[in-house]
1. Quick one: how many residues across segment 163-183 are in a helix (DSSP H, G or I) and either surrounded by fewer than 16 Cβ atoms within 10 Å (Cβ to Cβ) or within 15 Å of the ligand (Cβ to nearest atom) (or both)?
2. So which residues in segment 54-64 are under 11 Å from Phe15 (Cβ atoms) and touching a Ser or Thr at 6+ places or on another chain (Cβ under 9 Å), if there are any at all?
3. List the strands (runs of 3 or more DSSP E) that sit entirely inside segment 184-291 and contain at least 2 residues that are away from the ligand (no atom under 15 Å from the Cβ) and under 24 Å from Leu137 (Cβ atoms).
4. In segment 80-92, how many residues are within 13 Å of the ligand (Cβ to nearest atom) and of a type in the set (A, V, I, L, M)?
5. Within segment 107-155, work out how many residues are near the ligand (Cβ under 10 Å from one of its atoms), assigned to a helix (DSSP H, G or I) and either more than 26 Å from Asn228 (Cα to Cα) or open to solvent by 20 Å² or more (accessible area, probe 1.4 Å) (or both).
6. If you take the residues in segment 302-315 that are open to solvent by 20 Å² or more (accessible area, probe 1.4 Å) and modelled with pLDDT of 95 or more, which one is nearest to Leu245 (Cα to Cα)?
7. Can you pull out the residues in segment 38-56 that are part of a strand (DSSP E or B) and over 30 Å from the mean Cα position of the chain (by Cα)?
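The values are calculated or read from the model by the stated rules, or taken from the named source; none is laboratory data. Quick caveat: nothing in here was measured; it's all calculated off a predicted structure. Quick reminder, even Gly has a Cβ in these numbers, built from the backbone with ideal geometry, and neighbours come from all protein chains shown. Ligands, DNA and RNA are excluded from the accessible area calculation, which covers all protein heavy atoms including side chains. Shrake-Rupley method; radii C 1.70, N 1.55, O 1.52, S 1.80 Å.
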Amino acid sequence: MLARSIMVATRLGIFEALRERPCASAEVARACQLDERATEKLLNALTGSGYLEVSNDIFSLAGKARQWLLKGTKNSFRDKVLFQFLEWDWWGQCEDYIRSGKPITIHENMSSADWALYQRGMRSCKDAAAHELAKRLSVPTNPRTLLDIGGSHGTYSAALCREHPRLTSTILELPPAIEHAAPILAAHGLGERLQHRPGDALTDELGENAYDIVFIASLVHHFSAEQNQALITRAGRALRPGGTLAILEALRSEASHTTQFGGLLDLYFSMTSQSGTWSAADMAEWQRRAGLKIMRTIRLRNAPNVAVISARKPA
Ligand SMILES: C[S@@+](CC[C@H](N)C(=O)[O-])C[C@H]1O[C@@H](n2cnc3c(N)ncnc32)[C@H](O)[C@@H]1O
């Protein structure tokens, strides 16, 4: 009830209607072209849930709605909430998945509108983690070239480029993603330093000794162990000696003490992409087999249960 109420209010523009000043419910209904009585019910539900406040029948935004749900604010989660309409439909297929074991394979089956929601949703709320990554990731001195595989909106690339002034990033992405991620990439304001390269991480040749950093965020949960080993081996070949290969991922927890977040994400990724989350040891093993030297794992403070497993190519 709560999730859908927040999603609906976000999509209908209720929070935006209250952005500048408190309003009566009839005024909100008029501004958003909605039914008056039904809008009042929704506003009451949101007030009871702590997303709005009310005084003398005048509604205003509560702190958490202002912080997370408005368009274009720092740390806005709005695009992720809109993406959840798509995720909601995917979860509706969970029962079929459990019966048949057949995943939805989202990347093969999304419409153009779905791709737009997906790319914008992935971008939201990434700034803090990207900034932290850029500060904490150990890379060669004065790096120049970055390959960001499955990098979509480019927020991690942009943070790394800001941290390292001579760095430029090539963001390898599927063509339907690029169609919608291109304007998001341009909005980082780094011009030619961030460029999309259309391609497929599973099959593309990545080159040899070409990059100071290869970065892969939230991608390996879509692929099987064999596909990931092949990808990491090609990525290792593409690194210059001394270069860093970093994998940023939500971690699979041990079965004996699975967390709610870890367990649900593992189910979600297996349902949507046939794979699932991986442990830090799995990812380090792919890097070791690719001939890389494992470095210290970084646990991101701004993204709980997410770690960066990094390794260096021997000089
Ligand atoms: C979960 S999103 C992560 C996006 C971004 N790296 C992040 O961490 O926010 C996965 C991205 O990988 C891309 N992707 C999936 N399969 C791919 C493939 N075979 N080759 C290249 N990119 C792929 C998707 O289009 C999507 O943008």
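1. In the first step, residues of segment 163-183 are kept if they are in a helix (DSSP H, G or I); the result is 163, 175-183.
Next cut, either surrounded by fewer than 16 Cβ atoms within 10 Å (Cβ to Cβ) or within 15 Å of the ligand (Cβ to nearest atom) (or both) only: 175-183.
Of the residues in segment 163-183, 9 are in a helix (DSSP H, G or I) and either surrounded by fewer than 16 Cβ atoms within 10 Å (Cβ to Cβ) or within 15 Å of the ligand (Cβ to nearest atom) (or both).
2. Phe59, Ala62
3. Details: elements: 194-198, 211-217, 239-250.
Filter on segment 184-291 gives 211-217, 239-250.
4. Counting residues in segment 80-92 that are within 13 Å of the ligand (Cβ to nearest atom) and of a type in the set (A, V, I, L, M) gives 1.
5. Matching residues across segment 107-155 total 5.
6. Among those residues, the one meeting the criterion is Arg312.
7. Here is the first cut: in segment 38-56, the ones part of a strand (DSSP E or B) are 52-55.
Within segment 38-56, Glu53, Val54, Ser55 qualify.
To keep it simple, each residue is scored yes or no on (1) open to solvent by less than 50 Å² (accessible area, probe 1.4 Å); (2) without any contact (Cβ under 8 Å) to a residue 40 or more places away in the chain; (3) within 29 Å of Leu117 (Cβ to Cβ); (4) aromatic (Phe, Trp, Tyr).
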site	(1), (2), (3), (4)
Tyr211	yes, no, no, yes
Leu219	yes, no, yes, no
His222	yes, no, yes, no
Leu245	yes, no, no, no
